[in-house]
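Heads up: the structure comes next, in structure tokens.
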Amino acid sequence: MLTHPTVDQLVKLGLAGMARAFTEMQGNQSAAALDHAEWLALLLEREATERSNRQLVARLRHAKLRQRATIEDIDWRAPRGLDRALMQRLIAGDWIDAPHNLIIEGPTGVGKSWLACALANKACRDNRSVLYQRLPKLFAELALARGDGRHRKLMRRLGKVRLLVLDDWGLEPLAPEHRRDLLEIVEERYGNGATLITSQVPVDQWHVLIGEPTLADAILDRIVHNAHRLKLKGDSLRTRLASSPTPS
């Protein structure tokens, strides 16, 4: 069999995974016992696996997650009131497809952002598009985009992903332009995509935080009424880790 021309043809057809598998199997004596159908099945499986891995890398790159967090690394023993049954349902991801929202609230340091990134990582692995944004930075970016003509493009990008993570909501009261931007984001996503919001501020204080009653009603109606809620509590995990004795 002409190995090199076959490999070259596979590469030209964009089947690099099959080409690599073909080369490896040519040098594997145990592959000689396989019939043509088994050879083809193994080549196709390799191609599918490599394509899936490349797509996952691309989704994670696009998501720009703040932390390298995974659901497998969740510390269920940490005393922060984590609802394990609810977390298992959230990990399954049906809420993203519904689409519903998720609010993770609690004091600083209890792992809100980490859990958000872990769930977002799982969504990427489940072939869902994700985008992570810190709200203070996003508002600044939208202000710049409004000045240089990118505002509409950026808003479309925020609107089309399956899961949008808005981290650090409520660090400061909203300016008028922030309210308008936030309303446009949640309006665009309502019924079209899931939004995950983390906040140190309890939800019952968000109306005051937004500031303008009419806009606050419109924004919260689109965020809260179909949202799952994780209420975390306890001391800062960062403080606990910093104060832990170093193993000898």
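Can you classify region 57-158 as rounded, prolate or oblate using the Cα gyration tensor, where a ≥ b ≥ c are the square roots of its eigenvalues, rounded means a/c under 1.5, and otherwise it's prolate if a/b beats b/c and oblate if not? Prolate, because a/c is 1.5 or more and a/b exceeds b/c. Let me have the 222 nm mean residue ellipticity of the chain computed from DSSP H runs of 4+ only, each contributing -39500 (n - 2.57), with the sum over all residues rounded to the nearest 500. Helix contribution divided over all residues of the chain: -17000 deg cm²/dmol.
What is the set of long-range amide H partners of Ile74 at a cut-off below 5 Å, with H atoms built 1.01 Å from backbone N? Hits under the 5 Å cutoff: none. Treating each Cα of region 3-62 as an identical point scatterer and summing with the Debye formula, the log10 of I(q)/I(0) at q = 0.16, 0.21, 0.23, 0.24 Å⁻¹ comes to -0.54, -0.82, -0.92, -0.97.
Compute the length gained on full extension between Arg54 and Lys231: take 0.36 nm times their separation in residues and subtract their Cα-Cα distance, giving the result in nm to one decimal.
Working: separation 177, 0.36 × 177 = 63.72 nm, distance 3.54 nm.
Going from the current span to full extension adds 60.2 nm.
When region 1-121 is described by a simple charge dipole with +1 on each Lys and Arg Cβ and -1 on each Asp and Glu Cβ, the residue from Asn121, Ala92, Ala78 located farthest towards its positive end is Ala78. Highest GNM mean-square fluctuation among Ala69, Ala78, Ala227, for the chain modelled with Cα contacts below 10 Å: Ala78.
The Cα-based radius of gyration and maximum Cα-Cα distance (Dmax) for region 108-228 are 13.9, 39 Å. Here the Gaussian network model covers the chain, with springs between Cα atoms less than 10 Å apart; of Glu38, Glu72, Glu184, Glu38 fluctuates the most. Of Asn101, Asn127, Asn28, the residue with the greatest mean-square motion in the GNM of the chain, using alpha carbon springs below 10 Å, is Asn28. Between amide H atoms placed 1.01 Å from N, distances below 5 Å from Leu196 occur with Leu102, Leu164, Val165, Leu166, all of them 5 or more places distant or on a separate chain.
A straight Cα-to-Cα reach below 30 Å connects Lys233 with the lysines Lys64, Lys112, Lys122, Lys137, residues fewer than 8 places away in its own chain not being considered.
Counting 0.36 nm for each residue step from Asp83 to Glu172 and taking away their Cα separation leaves a gain of 29.2 nm.
Readers should treat all values here as calculations from the given coordinates under stated rules, not as data from a laboratory. Please read these numbers as outputs of a predicted model, since none were measured by experiment. Every residue, glycine among them, receives a Cβ derived from its backbone with ideal geometry; neighbour counts consider all protein chains shown.
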